[in-house]
Amino acid sequence: MEVAFLNENTLGHTSYLPRFAAELARRPELGVTAHVLDALPLPPDLRRLGDTSVRGLRKFGLDLHGTRWRVAASRHLRRQLDALRGRQPVDALVVNTQSMGLGLGELPAGMPVLVALDATFQQLADSPWFAPNALSRWLQPLTLRGLLRRERALFARATKLLPWSETVAASLRRDYGVPDGRISFLPPSLTPPPRRKARPANTRPQILFLGGDFQRKGGPLLRDTFCRHFADRCDLHIITRSEVPPGPGIFVHRGVEAGSAAWLERWQGADVFVFPSRLETFGIVLLEALAFEVPIVASDTGAARSILGGGAYGWLLTGLAEDPLRAAVMETLTAPLVAHARAQAGKDHFRKNYELGANAAKLAGWLKASSQS
């Protein structure tokens, strides 16, 4: 069957659908041909709607930038979908995220639409994503009314909703009244990486941080904690897009792409992965750490609690402060048997829930079942 994948190619969403599309292409026996359509870049006629903001109003949500960007991106995808359908039959749609489905409008009644999402708009409305300050929170019933209405219409039209985590599924049930029968989990999924090589004895331990936005992902807290407590015994390797100065024992790697040799080298050398992110909806990088069997210290935000099994597969920080971070990192370094046991259990958890091959087969099954119902 021919399936259009409407892809929100921003931040952690960029590789979500393309990974499934590549796996489906690699396995023709699954019977699904995926056509990936990307939301960005916006064409010139939609750029003004989606990219501009009003000075002084954006921080309060009054320029409706988030809504306008979502409308523009979903319109762009709808145009691409119409062009694809003009060239060939399209049997079903997979949309990531609901933001990218706002412009679908009328579709043939029998066309299956599967919507994947890392958070509902209601979840985002209850967090700093949509409301960074008190005034924006007070104005949300007005500024988000149209967005929430379109989201509910899309959820009602969808054949199946594919939350990335249980927290999203809970919001779908609680806030939107979606029955369990229309909910199936499809988290970000990865191909298992090569087994890590044994490192030479007496090598200085390496702490790894990976986050495009150094500030939002908690990089400053980690850097300060490292400088005060670990610089004499470890190295800190930072992979980021942000401008971060190196320092004694601090190595900054910019322009490192996922899957590259440099990226693989950093995971192969890591003794602990630290991710004290302040604002997250999922945390795909935690899956990479699980897959590489690297001990994890992470903030309890986004889907981290689910990914780390409530702490069974890593250390969940009790707060975003120096003392709990220092204590958790110190434990991974001074109790290597405990750290290894949690990392090994995490690798098993990854294989069971986040392995790309198994989840691509599930997606193919749902698509075929939807097209036959």
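The values are calculated or read from the model by the stated rules, or taken from the named source; none is laboratory data. The model shown is predicted, which means the values in this text are computed figures rather than measured ones. Every residue, glycine among them, receives a Cβ derived from its backbone with ideal geometry; neighbour counts consider all protein chains shown.
Just to be sure I understand, how many residues within the stretch 175-198 are over 21 Å from the mean Cα position of the chain (by Cα) and either within 27 Å of residue 352 (Cα to Cα) or assigned by TED's automatic domain parsing to the domain that holds residue 283 (or both)?
10
Being of a type in the set (Asp, Glu) and assigned to a loop (DSSP other than H, G, I, E, B) is the filter here; which residues of the stretch 174-219 pass it?
213
Here's a check for you: in the stretch 292-313, which residue that is in a helix (DSSP H, G or I) and not basic (Lys, Arg) is surrounded by the fewest Cβ atoms within 10 Å (Cβ to Cβ)?
Of everything passing the filter in the stretch 292-313, 310 is surrounded by the fewest Cβ atoms within 10 Å (Cβ to Cβ).
Is one or more of the residues making up the stretch 220-243 in contact (Cβ under 8 Å) with a residue 40 or more places away in the chain, among the aliphatic types (A, V, I, L, M) and either in a loop (DSSP other than H, G, I, E, B) or surrounded by 14 or more Cβ atoms within 10 Å (Cβ to Cβ) (or both)? So that I can check it myself, show each step before the final result.
Within the stretch 220-243, the first condition is being in contact (Cβ under 8 Å) with a residue 40 or more places away in the chain, and the residues that meet it are 221-222, 224-225, 228-230, 233-234.
After this cut, where a residue has to be among the aliphatic types (A, V, I, L, M) as well, the list is 221-222.
Those still in the list that are either in a loop (DSSP other than H, G, I, E, B) or surrounded by 14 or more Cβ atoms within 10 Å (Cβ to Cβ) (or both) too: 221-222.
Yes, because at least one residue in the stretch 220-243 is in contact (Cβ under 8 Å) with a residue 40 or more places away in the chain, among the aliphatic types (A, V, I, L, M) and either in a loop (DSSP other than H, G, I, E, B) or surrounded by 14 or more Cβ atoms within 10 Å (Cβ to Cβ) (or both).
Which numbered condition trips up residue 258, out of (1) surrounded by fewer than 18 Cβ atoms within 10 Å (Cβ to Cβ); (2) free of Cβ contacts under 8 Å to residues at least 40 places away in the same chain; (3) part of a loop (DSSP other than H, G, I, E, B)?
Just one mismatch for residue 258, condition (2).
Pull up the stretch 199-224, narrow it to residues that are under 16 Å from the mean Cα position of the chain (by Cα) and closer than 17 Å to residue 270 by Cβ, then point me to the one that is modelled with the lowest pLDDT.
My answer is 211.
Select from the stretch 310-320 the residues that are more than 23 Å from residue 124 (Cα to Cα) and in contact (Cβ under 8 Å) with a residue 12 or more places away in the chain and list them in ascending order.
Once the filter is applied, which keeps residues that are more than 23 Å from residue 124 (Cα to Cα) and in contact (Cβ under 8 Å) with a residue 12 or more places away in the chain, the stretch 310-320 yields 312, 313, 314, 315.
How about the stretch 318-373: which of its residues are at pLDDT below 95 and within 25 Å of the chain's Cα centre (by Cα)?
The answer is 318, 319, 320.
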